[in-house]
């Protein structure tokens, strides 16, 4: 005899960290699961845009992951959008808010067979899943500023529509437990972030793969260079699929590297972080203890990269072309890539010099300006259709 779990019972079992045991095989209705996920996504969408989940009722998930701006924080915040401003009106971070677009494809944080750390959310992977990530900002005092899970749940309970949805999806009495209700909130936001809103795969590049767009000569040169095993190192980190041109490419292998990014000294003059502070990157992840991982950050997706600057984990570079020149300096030491075009000064030293991925960075010949521009042109084709107008700004 087969038993069926209701949607609420199924979710309550998961939230409690339990497994339902029975001598009978447990069967769930696929249609019921699909309906349950749709309900969770609908709730998660409402929560994602709700500023009432912040202390001063001024900030939502969408504030720092704005769907109108490639799911990054597009506010100036007094630092050129390099980092986010907290709900309290004065706290500034030391890292950029990564895009939430295509984040669903980052696997849970783990070590692969080669012993390399892969996946997770945030720049250091410390949140293993989307739900784990969604649970962080509301109670972070420098972000949304709620004092506790319980206070966050009290805000949820102010909304009758939320009460009805939480009980329908997660079970009667779910809001009576602050821990379980808070976990349910994060779970639903994480499910919303798995919808096509965040990953439409409709850029010019995707349309090119489907035969609906013809690349310009410059874009085609950039594509050839990007996927080349000889002329660039782009694909060593920014290619997930084994075959160039594969559908659903997210342009990240979700591993962690130190590419020699300098500290953002201009940011630290205003955000209260000491000028000599060293961000340990991946080593800040509680699961990571090996000093060899210091200064490494997760390889970001290049989807929408042309409209989601400033760049690097700390927003130190404003322009995408600067980023390409920064990479090219590793292959142009005797040539002309010695100066940061944004400052007119020599490139700053790496914030963490001991773990720079020189093997991956020193690959291929130096690029002339034509090829630099071609790579930028190709990366612009990775922009979702809804953001193409932003390329003209």
Quiz item: Somewhere in the range 146-157, is a residue closer than 30 Å to residue 46 by Cβ and at pLDDT below 95?
Solution: yes
Exercise. Answer yes if at least one residue in the range 276-288 is surrounded by fewer than 21 Cβ atoms within 10 Å (Cβ to Cβ), at pLDDT below 95 and assigned by TED's automatic domain parsing to the domain that holds residue 208, and no otherwise.
Key: yes
Exercise. Can you tell me which residue among 261, 265, 308, 301 is in contact (Cβ under 8 Å) with a residue 60 or more places away in the chain and in contact with a strand residue (DSSP E or B) (Cβ under 6 Å, 6 or more places away or on another chain)?
Key: 308
Self-check item: Any pair with Cβ under 7 angstrom, 6 or more apart, that starts in the range 341-368 at a residue that is under 29 Å from residue 218 (Cα atoms) and ends at one that is surrounded by fewer than 11 Cβ atoms within 10 Å (Cβ to Cβ)
Solution: 364/230
Quiz prompt | Exclusive hit being under 25 Å from residue 122 (Cβ atoms), in a loop (DSSP other than H, G, I, E, B), under 19 Å from the mean Cα position of the chain (by Cα) and not assigned by TED's automatic domain parsing to the domain that holds residue 384, set 241, 194 | solution = 194
Quiz item: Do we have residue 364 as under 30 Å from residue 245 (Cβ atoms), within 23 Å of the chain's Cα centre (by Cα), in the same structural domain as residue 236 (by TED's automatic domain parsing) and not in a helix (DSSP H, G or I) here?
Solution: no
Quiz item: In the range 336-355, what residues are within 23 Å of residue 253 (Cβ to Cβ) and either touching a strand residue (DSSP E or B) at 6+ places or on another chain (Cβ under 8 Å) or surrounded by 19 or more Cβ atoms within 10 Å (Cβ to Cβ) (or both)?
Solution: 351, 352, 355
Quiz item: Are there any pairs, at least 6 apart or on different chains, whose C-beta atoms fall under 7 Å, with the first in the range 167-192 and free of Cβ contacts under 8 Å to residues at least 60 places away in the same chain and the second part of a loop (DSSP other than H, G, I, E, B) and buried (at least 16 other Cβ atoms within 10 Å of the Cβ), and if so, which?
Solution: 182/135; 186/135
Practice problem: Would you tally the residues in the range 252-275 being touching a helix residue (DSSP H, G or I) at 6+ places or on another chain (Cβ under 8 Å) and exposed (fewer than 13 other Cβ atoms within 10 Å of the Cβ)? | Solution: 2
Quiz prompt | Residues being under 16 Å from the mean Cα position of the chain (by Cα) and not in a loop (DSSP other than H, G, I, E, B) - total across the range 77-116 | solution = 3
Quiz item: With respect to the numbered conditions (1) under 22 Å from the mean Cα position of the chain (by Cα); (2) part of a helix (DSSP H, G or I); (3) surrounded by 21 or more Cβ atoms within 10 Å (Cβ to Cβ), which one is the sole condition not fulfilled by residue 328?
Solution: (1)
Quiz item: When residue 81 is evaluated against the numbered criteria (1) modelled with pLDDT of 95 or more; (2) within 28 Å of residue 306 (Cα to Cα); (3) buried (at least 16 other Cβ atoms within 10 Å of the Cβ), which criterion, by number, is the only one it fails?
Solution: (1)
Practice problem: Working only within the range 280-292, note down all residues that are in a loop (DSSP other than H, G, I, E, B) and farther than 13 Å from residue 256 by Cβ. | Solution: 286, 289
Exercise. Report whether or not residue 323 is crowded, with 20+ Cβ neighbours inside 10 Å, more than 17 Å from the chain's Cα centre (by Cα) and assigned to a helix (DSSP H, G or I).
Key: yes
Quiz item: Out of the residues in the range 168-178 that are in contact with a helix residue (DSSP H, G or I) (Cβ under 6 Å, 6 or more places away or on another chain) and part of a helix (DSSP H, G or I), which is surrounded by the fewest Cβ atoms within 10 Å (Cβ to Cβ)?
Solution: 178
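The values are calculated or read from the model by the stated rules, or taken from the named source; none is laboratory data. The structure presented is a predicted model; accordingly, all values stated were derived computationally and were not measured. Note that we place each Cβ from the backbone using ideal geometry, even for glycine, and neighbour counts take in every protein chain shown.
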